[in-house]
Amino acid sequence: MTLEVAVKAAAGAPDVLGDCPFCQRVLLTLEGKKVPYKLILINLSDKPKWFLEVNPEGKVPVVKFDDKWVSDSDVIVGILEEKFPEPALVTPSEFSSVGSKVFGAFVTFLKSKDPSDGSEQALLAELKALDEHLKAHGPYVAGEKVTAVDLALAPKLYHLDVALGHFKKWTVPADLTHLHKYKERTTLTHMLGKR
């Protein structure tokens, strides 16, 4: 059974995968579970009529399960885990919230125009906490094997690097060595390398 997966196309390049971390999370989950899929790239500036008919909100990602299109990466990943239990990617509950505040702190810092508002320090605190967790439990969030939390976190860390590097000329401090090794290990290229 090959699933149909509609994801964001790159802006200005409709034949290239776009920069949506939620779409990338779903693709990484499909790859991790070795579920065959047909990739459908959606130009979000010019959404096809059929796409809006099956998905009136026009959001990505969406996956077709049993003739029904389902949106929301959390819901999609849950269905994938249920329908394709092997290999299991479930994150042990004690690790499921690790890194969960990084993306919010990143967005707050990215939008900040006030260098003294504490947003950079809040992001650094979240990244340091993640680095310490990886030092104690790594190489992945839950230990030796990739789980769902890694598949959700990896694209967000990539976007953090790109956006903050571009808009703020900011990089993750070099002394967060466990985090840097984790980011290398979980790059999209590394994780999707077999495609």
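The values are calculated or read from the model by the stated rules, or taken from the named source; none is laboratory data. Here the structure is a predicted model, which means the values were calculated and not measured. So basically every Cβ, Gly included, is an ideal-geometry build from the backbone, and we count neighbours across all protein chains shown. We work out accessible area using only protein heavy atoms, side chains counted, and drop any ligands, DNA or RNA first. Shrake-Rupley method; radii C 1.70, N 1.55, O 1.52, S 1.80 Å.
What to note about this one:
- Selection of segment 135-162 for residues being open to solvent by less than 10 Å² (accessible area, probe 1.4 Å) and among the charged types (D, E, K, R) yields only D150.
- Unmet criterion (only one of (1) more than 26 Å from V149 (Cβ to Cβ); (2) touching a residue at least 60 places away in the same chain (Cβ under 8 Å)) for D117: (2)
- Extreme residue, nearest to C20 (Cα to Cα), among residues of segment 167-195 that are modelled with pLDDT under 95 and out of contact with any helix residue (DSSP H, G or I) (no Cβ under 8 Å at 6 or more places or on another chain): T189
- Qualifying residues in segment 66-83 (those that are assigned to a helix (DSSP H, G or I) and among the hydrophobic types (A, V, I, L, M, F, W, C)) - the one nearest to Y182 (Cα to Cα): V77
- For V63, the test of being more than 15 Å from L80 (Cα to Cα), β-branched (V, I, T) and not in a loop (DSSP other than H, G, I, E, B) is failed.
- Residues in segment 36-73 that are touching a Leu at 6+ places or on another chain (Cβ under 6 Å) and more than 24 Å from S100 (Cβ to Cβ) were compared, and the one that is least open to solvent (accessible area, probe 1.4 Å) is G58.
- Residue ID - least open to solvent (accessible area, probe 1.4 Å), chosen from residues in segment 85-134 that are in contact with a Pro (Cβ under 9 Å, 6 or more places away or on another chain) and among the hydrophobic types (A, V, I, L, M, F, W, C): L127
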